[in-house]
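Read through the structure below, which is laid out as structure tokens, and then see the notes.
Please treat every number below as a calculation from the coordinates, not as lab data. Only a predicted model underlies this, so the values are computations on that prediction, with no experimental measurement involved. Please note: Cβ atoms are built from the backbone with ideal geometry, for glycine as well, and neighbour counts cover all protein chains shown.
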């Protein structure tokens, strides 16, 4: 559904909940207008706090009980059983949990949010997959951590959120070659004929050896959509959030 005031898209799949925000319904001023959920992009901290509260309320979540990350484009994974409280969020790009009801969140503005959940085992995971994270292997690292907690590949529901598409993610040819040397499926070309990286294809290929299929890949390209934040398009901009949690 779409929450009428806050434009939060939610999906419920057999007890696994997935949610994705757009840029509307918040209080941030330009260039972060409106629902910026990123706390490290230069926006007013009070506005970010209000935006996070609004997004959580639209999802029926306690904003103080959402697990965020200090994302650094790496492959480290944190296993969590509760929010950080007064502690700073760790420098990781994936979080996994075996605690039902605990919401995990990813911030993006072109990178791909990858959300996985095994409703039977009660295990969920969220990863921030940018180009460096794809090469480093953050998505396989998250999948491995979930399996260690008891998840089974055949039961894992996988979703990706709004991100720059493979026909818009332009990179230098040498960079495309570097990515393709690790994940060949990510090799792509823009719609205007220049070298590109297809994150969705790369992530799909990295999950395949685990027997995990992406059930739903977002059709939204952040670079093309005026309803979503895009760093590649605007540089100074806000951050979207993607959430995953399991019924308690």
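When both bridge partners sit in the range 2-104, DSSP labels roughly 55% of those beta bridges antiparallel. Full extension of the chain segment joining residue 149 with residue 226 gains 23.8 nm, where the gain is 0.36 nm per residue of separation less the Cα-Cα distance. So if I take the centroid of the Cα atoms in the range 89-147 and the same for the range 187-248, what is the distance between those two points in Å? Using only Cα atoms, the two centres lie 14 Å from each other. In terms of packing, defined here as the mean over residues of other Cβ atoms within 10 angstrom, the peptides 115-122, 181-188 line up highest first as 115-122, 181-188. Normalised by 2.2 N^0.38 Å, with N the number of residues, the alpha-carbon radius of gyration of the range 28-187 equals 1.08.
Modelled spin labels at residue 216 and residue 84, positioned 7 Å past Cα toward Cβ, are 2.9 nm from each other. Taking every DSSP bridge with both residues inside the chain, close to 80 percent are antiparallel.
Each label was represented as a point 7 Å from its Cα along the Cα-to-Cβ direction; for residue 181 and residue 99 these points are 4.2 nm apart.
The three principal axes of the Cα atoms in the range 165-215 give end-to-end lengths of 33, 21, 9 Å, sorted in falling order. Per residue of the chain, the DSSP helices (runs of n ≥ 4 H) give a summed -39500 (n - 2.57) that works out to -6500 deg cm²/dmol at 222 nm. As a rough guide to protection, the peptides 197-207, 26-36 ranked by mean Cβ packing within 10 Å, highest first, stand as 197-207, 26-36.
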